[in-house]
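The values are calculated or read from the model by the stated rules, or taken from the named source; none is laboratory data. Every value quoted in this text rests on a predicted model; they were computed, and no experiment measured them. Methodologically, a virtual Cβ is constructed for each residue, glycine included, from the backbone with ideal geometry; neighbour enumeration extends over all protein chains shown.
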Amino acid sequence: MFSRLFSSKKRPFVKNWNKKIPVEINFGAGVLSMQLPEGNVSDCPTFIADSNTSIYDRSKYQELDHLPDYENSHMPYIPLIRAQWGLTGVFWEKFKIGELLMSVIALRVDDLPTDKSCLNPQQFRRVLDRDMYFSFGPANVGSYPRKVPVDWKIREINGVSWAEYSVLNDIERFPDFFKESGQEDYTKIFSVPVDDQHFIRVEFIVSGFFPLSESESKFSEMISELLATLNLELTAPIALTSISDPREAFFWERHRLENQTGPSGYAERKIVSLGSLPPSY
C-alpha cells in the first residue's frame, strides 16, 4: 500500500511484482527455472509452458513456412514464458507510464549447415547475427528501423554464459520514422546455445510513455531482479568469452515497400526492391 501511495515517475509502482510464481521447465536439453512475478496487464495474460516441454518435439513449434523467403529466418520457436507488467506513477493517475514485457523462447536453427554447431561460440555468433537480421533488420518489414547490436557483451548469469545486446530505435539514420511518436522503447536480448541446433532467447521489451530517462532506473532494476532468479541447468554448457569483444551495429539497407492493389482489390504492401541480404553462416 505504501509503495503505491508514494509512487512517482522516478519510483513507479508495479502491481503484483511481489507475487512470485515458481517456474521450472524441463526442455529436453536442460532445465530452466525462475521466480516469475505475476503479470498485471489484462490483455497480455501470463503464459508458462508445461513443465515438460521438449525442444525435440516438433509439434510444439511455431513454424514459419507460411512466410515469404525474405521474412523466413528458418528458426521456428517454442514459447516458454511470457509476462508483462505495467508501471504507474503518482497514485491519483490510473494510466501507465510504461510497460515491461518479458518473453522466453526456444529456437531451432533449421538451415544451419551440418558442419556448423551452436555450441561453437564463433558459429553461434553468426546464428545470432541472422536472428538479429530477421527479428530486427530488413526482414522485419513491419517494424521501425532498429540499431543492433548495441552494447554487445557476454554476461554470466548464475553460472551460465549468455550473449547480451540491446536493440534501439535508429533515430540517427531515420529521424522521420520517430518524430511523430511520443513513445520510447528499447529491447534487451539474452541468448544461450543449448545444443548443436537449438538456443534459448530471453527478450525484454521496455516501452515508455514518458521520456524513459524518468523511469529508466526502475526498468533496469526490474530486469536485474528477473535475471537474478533465472537458472539454467544445461547438459552441454559452453563458455562464450571468446566472442566477448565489442561490436559495431550493423548498417543494413531496408527493403523498399510500396502500397499496391492485391488480387482481392485491397491495398497491400509489396517489396519493390530488396535491401541488405541476411548474414551468412
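Quick notes
- Among the residues making up the range 169-220, those that are modelled with pLDDT under 85, closer than 30 Å to Glu156 by Cβ and more than 17 Å from the chain's Cα centre (by Cα) are Leu212, Ser213, Ser215, Glu216, Ser217, Lys218.
- Lone unmet requirement of (1) closer than 26 Å to Ala249 by Cβ; (2) of a type in the set (Gly, Ala, Ser); (3) without any contact (Cβ under 8 Å) to a residue 60 or more places away in the chain for Ser103: (3)
- Glu156 passes every criterion in (1) touching a Leu at 6+ places or on another chain (Cβ under 6 Å); (2) more than 22 Å from Arg254 (Cβ to Cβ) apart from (1).
- Every residue from the range 170-187 that is in a strand (DSSP E or B) and surrounded by fewer than 20 Cβ atoms within 10 Å (Cβ to Cβ): Glu184, Asp185, Tyr186
- Candidate set from the range 12-25 (those that are in a loop (DSSP other than H, G, I, E, B) and surrounded by 14 or more Cβ atoms within 10 Å (Cβ to Cβ)); member that is modelled with the lowest pLDDT: Pro12
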